[in-house]
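Only one structure is covered here, and it is reproduced in the block below.
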Amino acid sequence: MLKGIDPRLNADVLYALRDMGHGDVLIIADTNFPSGSVARETALGELLRMENLTAAEAVEAVLSVLPLDSFVDDFAGRMEVVGAPDDIQPVQAEVQAAINAAEGAVRQMVSIERFAFYDLAKQSYAVIQTGERRFYGCFMLRKGVIPPEE
């Protein structure tokens, strides 16, 4: 373990988060998402795992070290429910709460159609597969910047 680092973040995940730059996209995926095949098409090219965590737990851990992009509306996104794009599933509400806690403000995730989400995931920096078994537990996070100290 490291002092000040959430113990849920493993070495592979920390490496990827550190290597990402401003605007790079990270996918947090549930167990049903085709994570392996999609991850092979990402910039990192390999699948990362946080398999003993729910989506919200993984997002909470990631956001303990990763700033979200404050310059864009699509700083975070959720996969839309097929046929009901405005429906918010409990897993999505939990992740929104984790984002709000990390941001210290309410900024709503954007909604991303299922197949558009798959395309975005293939163009992302990396995919982290969680142990989330609830449907629609797939999310996009866009890395922001850490400002200089005053």
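The values are calculated or read from the model by the stated rules, or taken from the named source; none is laboratory data. Model, not experiment: these values are computed from the prediction. Methodologically, a virtual Cβ is constructed for each residue, glycine included, from the backbone with ideal geometry; neighbour enumeration extends over all protein chains shown.
Okay, here's what the table says:
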read-out: Residues of the stretch 11-26 satisfying the condition of being surrounded by 15 or more Cβ atoms within 10 Å (Cβ to Cβ) and either outside any helix (DSSP H, G or I) or at pLDDT below 95 (or both); value: 20, 24, 25, 26
read-out: Only one of 49, 18 that is in contact (Cβ under 8 Å) with a residue 12 or more places away in the chain and charged (D, E, K, R); value: 49
read-out: Qualifying residue in the stretch 66-73 (condition: surrounded by 18 or more Cβ atoms within 10 Å (Cβ to Cβ) and touching a His at 6+ places or on another chain (Cβ under 8 Å)); value: yes
read-out: Test for residue 93: is it crowded, with 18+ Cβ neighbours inside 10 Å, under 15 Å from the mean Cα position of the chain (by Cα) and modelled with pLDDT of 95 or more; value: no
read-out: Scan of the stretch 38-65 for residues that are out of contact with any Leu (no Cβ under 9 Å at 6 or more places or on another chain), among the small types (Gly, Ala, Ser) and surrounded by fewer than 19 Cβ atoms within 10 Å (Cβ to Cβ), ordered by number; value: 43, 45
read-out: Count - residues of the stretch 103-143 that are free of Cβ contacts under 8 Å to residues at least 60 places away in the same chain, more than 13 Å from the chain's Cα centre (by Cα) and assigned to a helix (DSSP H, G or I); value: 5
read-out: Boolean, residue 8 is farther than 15 Å from residue 123 by Cα, in a strand (DSSP E or B) and touching a strand residue (DSSP E or B) at 6+ places or on another chain (Cβ under 8 Å); value: no
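For every residue, the table says whether it meets (1) without any contact (Cβ under 8 Å) to a residue 40 or more places away in the chain; (2) within 20 Å of residue 25 (Cβ to Cβ); (3) touching a Lys or Arg at 6+ places or on another chain (Cβ under 7 Å); (4) of a type in the set (Phe, Trp, Tyr).
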site	(1), (2), (3), (4)
55	no, yes, no, no
66	no, yes, yes, no
71	no, yes, no, yes
83	yes, no, no, no
86	yes, no, no, no
91	no, yes, yes, no
94	no, no, no, no
